[in-house]
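What follows is a single structure, and I will ask about it in a moment.
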Amino acid sequence: MKTISFASLKGGVGKSTSSISAAKIFSQEGKTLLIDIDPRTATTSHVFDDIEKITGRTIHQAMKSEISISECVFPANKNLYFIPSEMELKLIEVELAAHPNKSLILFELLQEVEDDFDFCIIDAPNDLGILSNNAVIASDLIVFPTQAEKWSARAISMTLAGFEPCRKVGRYTGKQFEARILVTDFEENRDIQAVMLNAIKEEFQGMVCDTVIHHSIDVTRTYAQTGEFLPKGSRPEREYRAFVSEIRGIL
Ligand SMILES: Nc1ncnc2c1ncn2[C@@H]1O[C@H](COP(=O)(O)OP(=O)(O)OP(=O)(O)O)[C@@H](O)[C@H]1O
Ligand SMILES: [Mg+2]
């Protein structure tokens, strides 16, 4: 199983949109597990409208060892499976404060389903806390979505520096994550964005994906489950497909 996290310190850069889109495309290639590890539950609320269905069966309970990881896996679409989050996941920082290996919990949980899936996609929260560290340590690849604007680019530098200590754990996990930057929500008719795109490529040489995801009204927040997300043949669908084939080459 290859694991990819979408992460960034900055909010609203396209982590959830890219996670859902990539998961949908990966699921056309192989059995895919999408995990929402963000307590703000954006991705979960797009997959489930019925919160009752997932109560007590989220990544939160699995991380606290109250249930097994398999017990919180829900079928979402053909070949696409989903582990939901809940708002209470935010409490994990205090609940696991005394846990000796608190950043390795997700890695260890995923070992249990390693043979059940081809791909695992993790939607991380916008912080450098326990949850993001768990996502990064469990991953083969971290993708940092960013808009082509100054503050988002600055957030990438901070995020990269913030996750660097996670590499030390590679000695234990045997994983050394690759990192890539995905420019999203790009508006080609805004000159400043073209300037920033070049600046990002210059600053993060070799890390920026060739594929750019353009701003599009087709990126609507409908349910991944219904298949309405990412309409077939739309520009974002074509671009996310190109992005997935690009990262397939480095997995
Ligand atoms: N290519 C795009 N075109 C148009 N709108 C987009 C595009 N990508 C993302 N958006 C919109 O931008 C907003 C933020 O995207 P998203 O929720 O994916 O970001 P995020 O990084 O997960 O945010 P958060 O930090 O809140 O979790 C959403 O309303 C989404 O629909
Ligand atoms: Mg999000």
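Before rounding to the nearest 500, sum -39500 (n - 2.57) across all DSSP H runs of length at least 4 in the chain and divide by the residue total; then give [θ] at 222 nm in deg cm²/dmol. Provide the component values of the computation, followed by the final result.
Working: 10 runs with 89 residues, N = 251.
When only DSSP H runs of four or more count, the value is -10000 deg cm²/dmol.
What pairs in Lys102/Lys168; Lys2/Lys31; Lys24/Lys53; Lys15/Lys150; Lys2/Lys175 have C-alpha atoms more than 20 Å from each other?
Working: Lys102/Lys168 15 Å; Lys2/Lys31 11 Å; Lys24/Lys53 22 Å; Lys15/Lys150 18 Å; Lys2/Lys175 11 Å.
As for pairs spanning more than 20 Å Cα to Cα, those are Lys24/Lys53.
On the accessible surface of the chain, probed at 1.4 Å, how many percent belong to carbon and sulfur atoms? It would help to have the intermediate numbers written out before the result.
Numbers: 5610 of 11120 Å².
Exposed carbon and sulfur together represent 50 percent of the surface.
Sticking with this one: Would you mind listing how long the range 40-149 runs along its three principal axes, going by Cα atoms, in whole Å with the largest first?
41, 33, 29
Taking the inverse of the average 1/r across all pairs of different Cα atoms in the chain, what Kirkwood radius in Å do you get?
Hydrodynamic radius (Kirkwood, Cα pairs) of the chain is 18.1 Å.
Could you give the accessible area per residue of the chain, probe 1.4 Å, as a whole number in Å²?
44 Å²
In addition: What whole number of Å gives the distance from the Cα centroid of the range 25-54 to the Cα centroid of the range 152-197?
That distance is 23 Å.
What is the local net charge at Leu80, summed over the other residues whose Cβ is closer than 10 Å to its Cβ (Lys, Arg +1; Asp, Glu -1)?
Charge balance near Leu80 sits at +3.
Further, regarding this structure: What is the helix-to-structure angle for 150-163, meaning the angle in degrees between its Cα long axis and the longest Cα principal axis of the chain, kept from 0 to 90 and rounded to the nearest 10?
Relative to the chain, helix 150-163 is tipped by roughly 40 degrees.
Restrict the search to the range 36-144; then list the chymotrypsin sites (Phe, Trp or Tyr not before Pro) that DSSP places in a loop and that have at most 15 other Cβ atoms within 10 Å of their Cβ. Can you show the working numbers first?
On the way: sites: Phe48, Tyr81, Phe82, Phe107, Phe117, Phe119; in loops: Phe48, Phe117.
Nothing satisfies the criteria.
Working out 0.36 nm times the residue gap between Asn189 and Ile217, then minus their Cα-Cα distance, what length gain in nm do you get to one decimal?
Here the answer is 8.6 nm.
If you don't mind, there's one more thing I want to ask. Which order do Leu33, Leu160, Leu91 take by accessible area at a 1.4 Å probe, largest first?
Listed by decreasing accessible area, they come as Leu91, Leu160, Leu33.
The values are calculated or read from the model by the stated rules, or taken from the named source; none is laboratory data. Predicted model, so just to flag it, every value in this text is computed and none were measured. As a convention, Cβ positions derive from the backbone with ideal geometry for all residues, glycine included, and neighbour counts pool all protein chains shown. What goes into the accessible areas is simple: the full protein's heavy atoms, side chains included, and nothing from ligands, DNA or RNA. Shrake-Rupley method; radii C 1.70, N 1.55, O 1.52, S 1.80 Å.
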